[in-house]
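Have a look at the structure below, then the notes.
The values are calculated or read from the model by the stated rules, or taken from the named source; none is laboratory data. Just so it is clear, the structure is predicted and the values come from calculations on it, not from any experiment. A quick note on method: Cβ atoms are made from the backbone with ideal geometry, for glycine too, and the neighbour counts reach across all protein chains shown. All accessible areas refer to the heavy atoms of the entire protein, side chains included, with ligands and DNA or RNA removed. Shrake-Rupley method; radii C 1.70, N 1.55, O 1.52, S 1.80 Å.
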Amino acid sequence: MVDPVEETMLWIESFVIGLSLCPFAAAPFHAGGVRCVRARATDPAGILAEVLAEVEALEEGCAQTSVIVLPGLPGGFEGYLGLFAAAEELLRRSGWEGRYQLASFHPEYVFEGADPEDPANDTNRSPHPAIHVLRWEDVRKAVESHPDPEGIPARNIRLLRQREKDGKR
């Protein structure tokens, strides 16, 4: 049995970084700045407490960014979306909005209004449900240093659709 944290880190390295889906991920990953943890809780309140604990750990300087892996999360993709919305609200209520932001990943991820079979959804399809905690300042600096940050999603969509045509999905 593969460890969900190891599987997620391999996905980040081989898929996200390997295909350059996020051109900002390689530097912190290779510098050891990506903290990846398995949530101990399985209930929403416990998971939200762990999200807040990860924000506080990042604030203390434990890593540059953190991925909280949620294997076996009940409720499917819709349940995950509710949990993710609650996590974003928790950041706001806790005063971390504007300092930290969350990114959403799930094996069944479908962008709003998209065809579930569209390979473009793969940009946010991880091996396990996960919540990525990022420092807003790091995101801002990365985006400002990129020559075409607005072009990243379109490039990823083209790449993933072409990979499907090539039988590499």
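Accessible surface for the chain, divided over its residues, is 54 Å² per residue with a 1.4 Å probe. Between residue 166 and residue 93, the FRET efficiency estimated from the beta carbon spacing at R0 = 45 angstrom works out to 0.50.
Taken as Cα centroids, the stretch 147-169 and the stretch 93-129 sit 16 Å apart, rounded to the nearest whole angstrom.
Roughly how many percent of the accessible protein surface of the stretch 80-169 is carbon and sulfur, given a 1.4 Å probe and a whole-percent answer? Can you show the working numbers first?
Values: 2650 of 5200 Å².
Here it works out to 51 percent.
Principal axis analysis of the Cα atoms in the stretch 1-91 yields extents of 33, 32, 24 Å, listed in decreasing size.
Taking 0.36 nm per residue of separation and subtracting the Cα-Cα distance, full extension of the segment from residue 145 to residue 14 would add 44.8 nm.
Here is the P(r) of the stretch 73-169: all C-alpha pair distances, binned every 5 Å from 0, give 3, 12, 17, 19, 20, 18, 9, 3, 1, 0 in whole percents.
Note on residue 137 and residue 118: the model spin-label points, each 7 Å out from Cα along the C-beta direction, lie 3.6 nm apart. Computed over the stretch 56-114, the quotient of the alpha carbon radius of gyration and 2.2 N^0.38 Å is 1.26.
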